[in-house]
Amino acid sequence: MHEMTVAQSLVEVILQEAEKRQGKPIRAKMSCGQLNAVNDEVLSFAFDALVQGTPCEGTKLEIEHKALQGKCRGCGHTFAVELSDTTCPNCKSEDFELLPDAPLILEEIEFEEGTDDEEG
Amino acid sequence: MKKVDVGKRILGANETYALRNSQILNRGKKLCLNMISSPGSGKTTLLVRTISDLSDTVAIGVIEGDVQTDIDAERIRATRAPAIQINTEGACHLSAAQVNKALQELPLDDLDAVFIENVGNLVCPSAFALGENGKIVVLSVAEGDDKPVKYPAIFAKSKALLINKIDLLAGGLQVDFDLDRVHADARKLNKDIAVFPVSAKTGEGMQQWYDWLDAQVRSLR
């Protein structure tokens with residue numbers, strides 16, 4: 001249930017941005033890699049619970065999962081790795097190097113109309 | 001409605017502490033391994049035996065993470081190695097900030113290597129960088145040989161896999177565990193993972209693990 005820790009950090013970052021822009025967030029989009037083991041349902045549940053009574057209350061959370069990238073040691077091809085099948089789609093080799101997984105990023109926030117869009 | 005691009009790292013605060021930890025460890029040329037497994041795989045027993053057997057060659061300190069109690073730190077201290085216990089009070093993983101505090105309490109100047117024994121959990125701890133040189137995953141044979149397939153992330157990320165309690169495979173105990181399957185499944189995810197079938201209880205296979213550990217420590221000197 002590390003999603004609670006992720007949700008806490010996420011809410012903190014959104015609140016900082018909301019304060020800076022004096023706005024009310026209505027939608028937030030985040031992205032994550034495959035090895036962070038983020039479960040959407042659990043993360044959204046934790047997020048909804050944590051934003052109660054904050055300026056983020058009611059903010060809709062969108063989560064985008066970025067594919068894990070691998071580099072084939074046979075032909076050098078870079079491809080999206082499925083951990084259930086790590087075969088290179090180009091040369092069928094199974095010898096690959098895992099490239100760094102995408103970090104957890106708060107990509108964008110949508111604010112209610114009238115929000116100041118100047119950087120604070 | 002106004003859309004704003006943010007592009008901020010959500011775990012930035014943890015990553016800042018992880019970077020600080022790795023700077024502290026690198027400056028002193030200390031090896032730091034983050035040990036991850038399910039509860040009961042024998043992490044502490046492995047550490048106790050490793051510390052005792054290598055007492056003349058590698059000075060080891062331990063940061064222990066558990067939900068409650070200092071039972072594990074006490075077991076480490078019984079070997080006369082320094083151990084700092086962190087109680088997470090319910091959290092399923094250690095954070096880099098907790099490790100930062102523990103690093104300041106350890107007598108780092110006297111050590112060659114620091115082991116972080118993470119909270120027993122095969123999923124959550126793998127998502128949080130602590131500033132370590134590498135992760136090692138421990139799997140005991142009683143847990144079953146399907147774990148690399150079921151929990152691939154930690155096997156994909158680890159430098160080494162210790163398959164513990166192999167003494168249970170002998171002696172007619174009827175433990176269904178296919179060592180070759182685990183080996184093959186782990187290597188499929190991670191070609192570079194070093195695999196050590198061991199018994200921390202009988203000492204079987206431990207020498208190969210010690211040789212690997214010693215080489216890791218030397219590579220930093």
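Give me the residue from region A:87-120 that is assigned to a strand (DSSP E or B) and touching a helix residue (DSSP H, G or I) at 6+ places or on another chain (Cβ under 9 Å) and, out of that set, modelled with the lowest pLDDT. So that I can check it myself, show each step before the final result.
Step one: list which residues in region A:87-120 are assigned to a strand (DSSP E or B), which gives A:96-98, A:105-111.
Next cut, touching a helix residue (DSSP H, G or I) at 6+ places or on another chain (Cβ under 9 Å) only: A:98, A:106, A:109, A:111.
Details: A:Leu98: 89, A:Leu106: 97, A:Ile109: 97, A:Phe111: 95.
By that ranking, first place goes to A:Leu98.
So which residues in region B:20-73 are in contact with a Lys or Arg (Cβ under 9 Å, 6 or more places away or on another chain), charged (D, E, K, R) and closer than 21 Å to B:Asp214 by Cα?
Passing the criteria: B:Lys29, B:Arg49.
Check whether at least one residue in region B:180-190 is farther than 22 Å from B:Cys32 by Cα, of a type in the set (Asp, Glu), part of a loop (DSSP other than H, G, I, E, B) and in contact (Cβ under 8 Å) with a residue 24 or more places away in the chain, and report yes or no.
No.
What single numbered condition from (1) touching a residue at least 24 places away in the same chain (Cβ under 8 Å); (2) within 21 Å of B:Ala13 (Cβ to Cβ) fails to hold for B:Asn87?
For B:Asn87, the failing item is (1).
Those residues that are in a loop (DSSP other than H, G, I, E, B) and surrounded by 21 or more Cβ atoms within 10 Å (Cβ to Cβ), I need them from region B:29-80; list them, please.
In the first step, residues of region B:29-80 are kept if they are in a loop (DSSP other than H, G, I, E, B); the result is B:29-30, B:38-42, B:54-59, B:67-70, B:78-80.
B:Lys30, B:Ser41, B:Gly42, listed by residue number.
Within the group A:Ile63, A:Ile14, which residue is part of a strand (DSSP E or B), at pLDDT 95 or above and more than 20 Å from B:Ile154 (Cα to Cα)? Give the derivation first.
Working: A:Ile14 fails: part of a strand (DSSP E or B).
Residue meeting the stated conditions: A:Ile63.
With modelled with pLDDT of 95 or more and closer than 20 Å to B:Leu161 by Cα as the only criterion, which of B:Asp72, B:Asp53 stands out?
Selected residue: B:Asp53, the only one of B:Asp72, B:Asp53 that is modelled with pLDDT of 95 or more and closer than 20 Å to B:Leu161 by Cα.
Go through region B:191-219 residue by residue and tally those that are part of a helix (DSSP H, G or I), closer than 17 Å to B:Lys43 by Cα, free of Cβ contacts under 8 Å to residues at least 60 places away in the same chain and of a type in the set (Ser, Thr, Tyr).
0
Out of everything in region B:12-28 that is of a type in the set (A, V, I, L, M) and within 14 Å of chain A (Cβ to nearest Cβ), what residue ends up being surrounded by the most Cβ atoms within 10 Å (Cβ to Cβ)?
Pass one, region B:12-28, residues of a type in the set (A, V, I, L, M): B:13, B:18-19, B:24-25.
Cutting the leftovers down to within 14 Å of chain A (Cβ to nearest Cβ) gives us B:13, B:18-19.
Working: B:Ala13: 16, B:Ala18: 21, B:Leu19: 13.
Top of the filtered list is B:Ala18.
Could you tell me which of the residues B:Ile60, B:Ile36 is within 23 Å of B:Gly203 (Cα to Cα), within 14 Å of chain A (Cβ to nearest Cβ) and either within 17 Å of the chain's Cα centre (by Cα) or among the polar types (S, T, N, Q) (or both)? Lay out the reasoning, then the answer.
Working: B:Ile60 fails: within 14 Å of chain A (Cβ to nearest Cβ).
Residue meeting the stated conditions: B:Ile36.
Here is a check on your reading of the model: is B:Thr88 under 17 Å from B:Leu130 (Cα atoms), of a type in the set (Ser, Thr, Tyr) and either surrounded by fewer than 21 Cβ atoms within 10 Å (Cβ to Cβ) or touching a helix residue (DSSP H, G or I) at 6+ places or on another chain (Cβ under 7 Å) (or both)?
So B:Thr88 passes the test.
Please indicate, with yes or no, whether at least one residue in region B:119-129 is more than 12 Å from chain A (Cβ to nearest Cβ) and under 23 Å from A:Val6 (Cα atoms).
Yes: one or more hits.
Show the residue pairs meeting these rules: Cβ distance below 9 Å; 6+ apart or different chains; first residue within region A:30-44 and facing chain B (nearest Cβ under 9 Å); second residue among the hydrophobic types (A, V, I, L, M, F, W, C) and surrounded by fewer than 16 Cβ atoms within 10 Å (Cβ to Cβ).
The qualifying pairs are A:Gln34/A:Ala67.
In region B:113-134, what residues are closer than 20 Å to B:Gly28 by Cβ and surrounded by fewer than 21 Cβ atoms within 10 Å (Cβ to Cβ)?
Correct list: B:Ala129, B:Asn133, B:Gly134.
Please work out which residue is farthest from A:Asp95 (Cα to Cα), limiting yourself to region A:43-62 and to residues that are of a type outside the set (D, E, K, R) and touching a strand residue (DSSP E or B) at 6+ places or on another chain (Cβ under 6 Å).
That would be A:Cys56.
Going through A:Gly23, A:Gly58 one at a time, which residue ends up being at the interface with chain B (Cβ under 8 Å from one of its Cβ atoms), closer than 17 Å to A:Phe111 by Cα, in a loop (DSSP other than H, G, I, E, B) and over 17 Å from the mean Cα position of the chain (by Cα)?
Details: A:Gly58 fails: at the interface with chain B (Cβ under 8 Å from one of its Cβ atoms).
Matching residue, one of A:Gly23, A:Gly58: A:Gly23.
Does region A:94-111 hold any residues that are within 12 Å of A:Thr78 (Cα to Cα) and either β-branched (Val, Ile, Thr) or more than 8 Å from chain B (Cβ to nearest Cβ) (or both), and which are they?
A:Leu99
The values are calculated or read from the model by the stated rules, or taken from the named source; none is laboratory data. Keep in mind it's a predicted model, so treat the numbers as computed, not measured. Cβ atoms come from the backbone with ideal geometry, glycine included; neighbour counts cover every protein chain shown.
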